[in-house]
Amino acid sequence: MNCCCNKQPSDLSLLSSVLNEYKDTKGSLITILQKAQDIYGYLPTDVIYHVAEETGNTPAKVMGVATFYTQFRLSPVGKHLIMLCQGTACHVNGSKRIQAAITEELGITDGETTEDGLFSLKCVACLGCCSLSPVMMINEETYGSLTPEKAVDILRELRAKEEVE
């Protein structure tokens, strides 16, 4: 499929083994999309269409699944995905102040990525770490008992590590 923008088409051959393993397994669409996102980092439009074609689903059905579940991303994210909890415990303990500090430090709001592609911010309903509230995860690392200052320090440390590498 050709896109109207200047994006390079995805290498769909990277998905062949996943599709071969799951395409005839009833109820495997979510698994296929999870594995596709692992491969590409998100779900590009051409991958959505390819999965639909290979699994016998309509593109609308595949897109419906991809947009229903918050785990799926339809656009690339930064190298460091910040998931900031906005659940009740985090909200009561100041997650909005943490969000404001992140926004001020990085110049991005919920759903955005920094121009350098280093950070993306995603506010989520719950990370399941209420005893650590307010809490955020960056990639697979959990950071709890946050203050605005602590959150900014964590971001600055990550940026400094990137500059050294």
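Throughout, read-outs are computed from the coordinates displayed, never taken from laboratory work. Only a predicted model underlies this, so the values are computations on that prediction, with no experimental measurement involved. In this analysis, Cβ positions are derived from the backbone assuming ideal geometry, glycine residues included, and neighbour counts consider all displayed protein chains.
In table form, for the structure just shown:
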item: Sites matching GluC sites (Glu not before Pro) across the range 25-127 that sit in DSSP coil, with at most 13 neighbouring C-beta atoms within 10 Å; result: E115
item: Packing-based exposure ordering (other Cβ within 10 Å, fewest first) of H80, H91, H50; result: H91, H50, H80
item: Degrees separating the helix 95-106 axis from the principal Cα axis of the chain, which is the longest one; result: 80 degrees
item: S131 paired with D38, simple spin-label distance in nm, labels 7 Å along Cα-to-beta-carbon; result: 2.9 nm
item: Dipole magnitude of the range 80-164, debye to nearest 20 (Cβ charges: Lys/Arg +1, Asp/Glu -1, about Cα centre); result: 380 debye
item: Using alpha-carbon coordinates, inclination of helix 148-164 to the longest axis of the chain, degrees; result: 60 degrees
item: Share, in percent, of DSSP beta bridges within the range 1-142 that are antiparallel, nearest 5; result: 50 percent
item: Spin-label pair E163/T67, simplified geometry with 7 Å Cα→Cβ offset, distance in nm; result: 4.1 nm
item: Total charge dipole magnitude, the range 104-149, about the Cα centre, Cβ charges on Lys, Arg, Asp, Glu only, Debye to nearest 20; result: 280 debye
item: Segment K23-V92, length gained on full extension (0.36 nm per residue, minus Cα span); result: 20.4 nm
item: Pairs of lysine residues in the chain - Cα separation under 27 Å, sequence separation of 8 or more or cross-chain; result: 23
item: Helix 59-68 vs. the chain, principal-axis angle (Cα, 0 to 90°, nearest 10); result: 20 degrees
item: Debye, to nearest 20: dipole size of the range 1-102, +1 on Lys, Arg Cβ, -1 on Asp, Glu Cβ; result: 540 debye
item: 5 angstrom amide H check on V124, placed H, neighbours 5+ away; result: L84, C85, Q86
item: Cα-Cα P(r), the range 12-68, percent of pairs per 5 Å interval; result: 4, 21, 39, 27, 9, 0
item: HN-Hα J in Hz across the range 18-27 - Karplus 6.51, -1.76, 1.60, θ = phi - 60°, x for Gly and Pro; result: 5, 5, 4, 6, 10, 4, 9, 8, 4, x
item: Which labelled figure in (1) 50, 34, 26; (2) 36, 35, 33; (3) 50, 33, 30 is Cα extents along the principal axes in Å, once derived from the coordinates; result: (1)
item: Cut-off under 5 Å, modelled amide H: who pairs with F119 long-range; result: K79, H80, T114
